[in-house]
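**Q** Pasting a structure here, questions to come.
The values are calculated or read from the model by the stated rules, or taken from the named source; none is laboratory data. Quantities reported herein were computed from a predicted structural model and do not represent experimental measurements. Every residue, glycine as well, gets a Cβ built from its backbone with ideal geometry; the counts of neighbours run over all protein chains shown.
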Ligand SMILES: [Zn+2]
């Protein structure tokens, strides 16, 4: 790795531990659930999941798990 790239790598490590700098606007995740795979989407501050539990509730174990993984980068539903 050249020195320029090494400096960028060090800066990236600092950024990686500072999640508040990152605000996820949208993403699509293929989630390998216990029983079935699920497609989870996050767009404009809202979650969507194709599992049965999500319908009418607006969150489920899949969206909640992703909120935990993305902590600091997406606003949790419970915090709105
Ligand atoms: Zn789900």
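**Q** Filter segment 58-70 down to residues that are outside any helix (DSSP H, G or I) and more than 9 Å from the ligand (Cβ to nearest atom), then give me how many there are.
**A** Restricting attention to segment 58-70, the residues satisfying the condition of being outside any helix (DSSP H, G or I) are 58-60, 70.
Next, from what is left, pick out any that are more than 9 Å from the ligand (Cβ to nearest atom): 58, 70.
Total meeting the criteria: 2.
**Q** Could you go through segment 17-31 and let me know if any residue there is under 19 Å from the mean Cα position of the chain (by Cα), within 11 Å of the ligand (Cβ to nearest atom) and surrounded by 12 or more Cβ atoms within 10 Å (Cβ to Cβ). Spell out the reasoning first.
**A** Here is the first cut: in segment 17-31, the residues under 19 Å from the mean Cα position of the chain (by Cα) are 17-31.
If we keep only those that are within 11 Å of the ligand (Cβ to nearest atom) too, we end up with 29, 31.
After this cut, where a residue has to be surrounded by 12 or more Cβ atoms within 10 Å (Cβ to Cβ) as well, the list is 29, 31.
Checked against the condition, which is being under 19 Å from the mean Cα position of the chain (by Cα), within 11 Å of the ligand (Cβ to nearest atom) and surrounded by 12 or more Cβ atoms within 10 Å (Cβ to Cβ), segment 17-31 yields at least one hit.
**Q** Can you report the number of residues in segment 39-51 which are farther than 13 Å from residue 26 by Cα and either more than 8 Å from the ligand (Cβ to nearest atom) or loosely packed, with under 11 Cβ neighbours inside 10 Å (or both)?
**A** Initial filter on segment 39-51 (farther than 13 Å from residue 26 by Cα): 39, 49-51.
Now narrow it down to the ones that are either more than 8 Å from the ligand (Cβ to nearest atom) or loosely packed, with under 11 Cβ neighbours inside 10 Å (or both): 39.
Number of matching residues: 1.
**Q** Would you mind telling me which numbered condition in (1) in contact with a helix residue (DSSP H, G or I) (Cβ under 8 Å, 6 or more places away or on another chain); (2) at pLDDT below 95 residue 42 fails?
**A** All conditions are met except number (2).
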